[in-house]
Amino acid sequence: MSNVSRTKARATAAVTSVDESARPLQPNKSDTSGRYTDLPALNPGWWPVAHSGDLADKPIGARLAETGLAIYRDATGTARTVLDRCPHRRMPLSLGRITPDGLLQCGYHGWSFNGSGQCKLIPNFRPGESPSARIIVDAFATEERGGLIFVHSRGIPAGPVPEALSEHGDSQISGRLEVRSPHSSVVGALAFNPGAALGLGLLLGSGEEVIGPRADIAQQQISVVRERLTVDLPRVTTFDAPVKRSTQATIEIHRDTGFTFVTSELPRGATVRAVIGASPVGPYRTMIFWQLHVSGLMGAAAAAATAFTWSLRSRLGHAARVFETVADNADMTYDPVLQALRGE
Amino acid sequence: MNIGEATANVTDIEGAGSRNRSKTITAGFMPGRFALRDAWFPVVHSKLVGTRPVRRAIHGEPIYLIREGGIVFAYEDSPLDRQRGRLRASEFTAGTGCWPALEKYGYVWVWYGNNDNASIDLIPHLPVLPENGMPRYFGGSVVFDCSYELNCENLLDLTHFDFLHSVLTGDPLSEQDEITVSSTSETVTQVRRATNRPVPKGQKWFVRSKSQDLVAATIMHVRSGVCVLNIDWDPGVDVHMVHPCTPESPYRTRTAYTFNPQHCSRPARYLFPTAAHLIGSQDNYATKPQNQLYQTEQTSVADMNSRFDTAGIRYRKVYQELVNRQQKGDFSYRDDGHPGRDVRQELDLDRPRRGGRTA
């Protein structure tokens with residue numbers, strides 16, 4: 001299912017400047033004790049959990065691998081993530097508030113936690129009295145890069161945060177989509193036909209594959225070049241496609257997390273670069289965060305058109321249905337890249 | 001002075017003060033998993049029951065209440081089903097299809113358990129209400145989206161009053177604040193005595209003083225979820241209240257509340273019951289998502305506590321002991337926990353007030 005309201009707000013916002021959306025990477029461990037919690041159900045890596053714009057002056061709730069997360073910005077503007085459950089009486093911390101000094105305060109009794117999960121304030125305590133050091137909520141390693149908030153699935157984060165998207169291109173749109181497909185199928189759909197899956201065929205190509213794939217399969221990363229017909233129109237019996245224009249896209253996939261970059265070229269020198277992160281929410285549900293950068297005048301027009309059509313498709317609930325269909329098809333498709341992703 | 005400097009005078013119960021003991025209690029607390037039996041539940045206000053049936057539930061069992069010849073009957077089946085001859089006739093009605101029911105304090109009380117043990121003496125003593133109840137305006141029904149155990153614990157929870165409801169009940173700043181928690185095999189009683197608290201914003205229209213004393217006495221009948229409260233702001237309103245937490249399902253608790261405000265002007269007396277849904281919605285904001293996490297998250301995780309959670313931990317302990325006893329087939333009431341005992345003194349109803357009628 002697509003998150004219509006959020007996507008609408010994001011998609012209709014359409015074109016934003018790079019400088020506004022980009023946030024500098026801030027070191028995240030200034031006031032933490034280096035204690036982070038594992039998410040053992042996930043492969044080691046950075047998993048996207050929200051867009052930067054989602055975090056304002058209130059905490060938000062998210063799910064990652066069936067674990068509820070409360071994400072917020074502390075007093076320095078740094079994104080923080082803790083378990084969405086107060087250790088006192090299990091109230092979701094995402095329903096609380098952020099205190100002026102940047103603590104995440106539970107909405108039930110007011111217990112307040114810092115970015116490393118340590119309880120720093122219990123309202124009824126006398127002035128100067130500190131809560132026990134044993135009162136801790138699980139905290140997760142969090143980084144913000146290129147307009148996305150990432151959580152690492154291991155207590156000791158390793159590996160670089162995926163490269164910032166905002167450094168590429170001129171015009172950016174972004175969106176999210178919740179699909180009822182397992183994470184592996186979603187990654188398969190992104191590796192096989194990202195344009196059709198996300199409804200971005202005019203920018204990435206979505207029709208039949210005419211050339212390729214040329215795959216470079218490495219241990220951590222898979223890179224594949226595919227050339228597809230730009231639009232996926234039905235053919236009349238055995239006649240050739242009515243529109244023969246094709247688009248070549250380079251797809252780079254991180255094997256552990258499925259974090260995907262897609263690059264393609266438009267006429268008149270415009271380039272398209274898409275970043276797509278997929279995070280498993282449950283055993284058969286995946287949240288997809290995507291961003292699109294398009295350069296050049298033509299790119300700006302294409303971005304505006306994409307924002308409009310994405311908004312329409314999301315409102316109609318079409319976007320999630322299409323993605324789920326592509327994901328189901330990818331499961332039943334023979335393709336060297338998909339075979340590699342499946343470990344065959 | 002802050003509540004942190006208060007002394008929590010805890011009645012001596014085996015292991016109650018032990019940190020390990022409380023950890024065990026909070027880890028094993030599984031609200032909504034067990035239906036405590038052999039208790040009277042106030043399911044509806046008497047004045048709401050007429051010739052048209054009213055449906056209520058206890059632990060998921062349906063109750064159709066109807067007045068026939070001036071007497072209230074509580075059936076297991078709807079009138080239509082009874083006409084068709086469809087009778088549930090469960091163990092709770094001993095095969096008759098009719099629940100034991102009677103009227104007292106303005107409520108219809110229904111017995112949930114073995115009919116042979118249903119005694120009128122086991123109805124909780126409610127000295128805050130007249131025997132025949134209050135006028136209809138002073139009662140109402142709040143439905144919470146949580147199990148009744150969490151609702152009961154919420155009523156015994158001091159710090160959430162100071163944080164979540166501070167506009168109406170006041171913040172924790174007091175010159176002196178003393179909390180006493182005691183319990184029997186069936187009840188948990190908490191009495192809070194605070195002096196010179198700032199008058200909360202919600203009461204400033206009625207109270208001309210800058211500070212007030214507070215005596216808040218709460219008696220929780222663990223088996224039935226009936227809560228009797230005497231919250232006395234002096235000067236200010238003295239709220240006598242009955243707050244039943246009737247378990248309809250693990251996700252739904254009905255509170256057929258009755259207010260009996262004292263020592264206040266007529267407008268204040270009539271205005272106070274309107275606070276029920278305001279306070280109720282604030283509580284539901286917390287207990288609804290809380291309930292889901294207690295129902296679905298692993299129950300071996302122990303909740304963490306501060307020293308202000310004594311009453312809540314005590315509630316969990318008494319509740320768990322009742323569950324353990326009933327799982328072994330012991331549904332009896334022990335002498336110390338008789339629900340019908342006189343609780344006037346426990347509620348401190350006769351204490352002299354300094355402010356008289358000021359609200």
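Every read-out reported here was derived from the displayed coordinates using simple, explicitly stated rules and does not represent laboratory data. This one's a predicted model, so the numbers in the text were calculated from it and none came from an experiment. Ideal geometry is used to build each Cβ from the backbone, glycine not excepted, and the neighbour counts take in all protein chains shown.
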With a sphere of radius 14 Å drawn around the Cβ of B:Phe331, what net charge do the other residues whose Cβ falls strictly inside it have (Lys, Arg +1; Asp, Glu -1)? -1
Mind jotting down the three principal axis lengths of region B:134-185 based on Cα atoms? Whole angstrom, largest first. 38, 32, 25
Considering the protein assembly as shown, what Rg and Dmax in Å follow from its alpha-carbon atoms? 31.0, 98
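Could you work out the percent of alpha carbon pairs in chain B separated by over 26 Å, rounded to a whole number? Mind showing how you got there, number by number?
Working: 32076 of 64261 pairs.
The share of Cα pairs beyond 26 Å in chain B comes to 50 percent.
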With the radius of gyration and the Kirkwood radius both derived from the Cα set of region B:39-135, what is their ratio Rg to Rh? 0.96
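Grab the DSSP H runs of the protein assembly as shown that are 4 residues or longer, score each as -39,500 (n - 2.57), total them, divide by all residues and round the 222 nm result to the nearest 500 deg cm²/dmol.
Rounded to the nearest 500, the figure is -6500 deg cm²/dmol.
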Gyration tensor (Cα) of region A:165-254, equivalent ellipsoid semi-axes in angstrom: 23, 17, 15
Isolated Cys in chain A, by beta carbon distance under 4.7 Å: A:Cys119
I need the semi-axes of the equivalent ellipsoid of region B:71-198: take the C-alpha gyration tensor, multiply each eigenvalue by 5, square-root it, list largest first in whole angstrom. 39, 17, 16
Relative to chain B, whose Cα atoms define the longest principal axis, helix B:275-296 and its Cα axis are tilted in degrees, nearest 10, by 70 degrees
Dmax and Rg, reported as Rg then Dmax, of chain A (C-alpha, Å): 21.3, 82
Quotient of C-alpha Rg and 2.2 N^0.38 Å, computed over region B:211-359: 1.22
Each label point is 7 Å from the Cα along the Cα-to-Cβ direction; what then is the distance between the points at A:Arg134 and B:Leu173, in nm? 3.3 nm
